[in-house]
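Participant: Okay, handing you the structure first.
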Amino acid sequence: MDTEPLPFAKLMGLTVLSVTPERVEAELKVRDDLCTRPAVLHGGAVMAFADTVGAIATVANLPPGAGTTTIESKTNFFAAIPMGDTARAECTPLHRGRTTMVWQTRISRSDGRLAAIVTQTQLVLPAR
């Protein structure tokens, strides 16, 4: 897998901790510019974090030359992540097929409390 960070992941400040075909782990420091008010991580930032991690997981499972795009995403929010905290994502497969892959990303706060679960479907785009 390319080690150069994705432009949007770099903008968000996402740090990839590990990548295997079975699991991707990443962190995101909650900064003021990623927050809503009161100073907690914006729901859209949570979703973008999970979407990026799910795309990384898909790429780790693609055949050579293939690509991917998200075609569906659902988020359940359970707890806010305050500014200054670090969100941690753990992404695992629910389905890894030839044409689609479905990933579940659990996002937790640094105290271990579950903040969100995101389930997304990635379309596998054939090599051109």
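Participant: Given the conditions (1) touching a residue at least 40 places away in the same chain (Cβ under 8 Å); (2) aromatic (Phe, Trp, Tyr); (3) within 16 Å of Gln104 (Cα to Cα), which single one is not true for Phe8?
Facilitator: Evaluating Phe8 over (1) touching a residue at least 40 places away in the same chain (Cβ under 8 Å); (2) aromatic (Phe, Trp, Tyr); (3) within 16 Å of Gln104 (Cα to Cα) leaves (3) as the failure.
Participant: Ok, one more. Modelled with pLDDT of 95 or more and over 10 Å from the mean Cα position of the chain (by Cα) - does that describe any residue in segment 49-59?
Facilitator: yes
Participant: Looking at segment 90-128, which of its residues are in contact with a Gly (Cβ under 7 Å, 6 or more places away or on another chain) and modelled with pLDDT of 95 or more?
Facilitator: Across segment 90-128, the qualifying residues are Cys91, Trp103, Thr105, Gln120, Gln122, Leu125.
Participant: Do you know which residues across segment 108-128 are out of contact with any Asp or Glu (no Cβ under 8 Å at 6 or more places or on another chain) and in contact (Cβ under 8 Å) with a residue 60 or more places away in the chain?
Facilitator: Ala115, Ala116, Gln122, Val124, Pro126, Ala127, Arg128
The values are calculated or read from the model by the stated rules, or taken from the named source; none is laboratory data. Please read these numbers as outputs of a predicted model, since none were measured by experiment. Cβ atoms come from the backbone with ideal geometry, glycine included; neighbour counts cover every protein chain shown.
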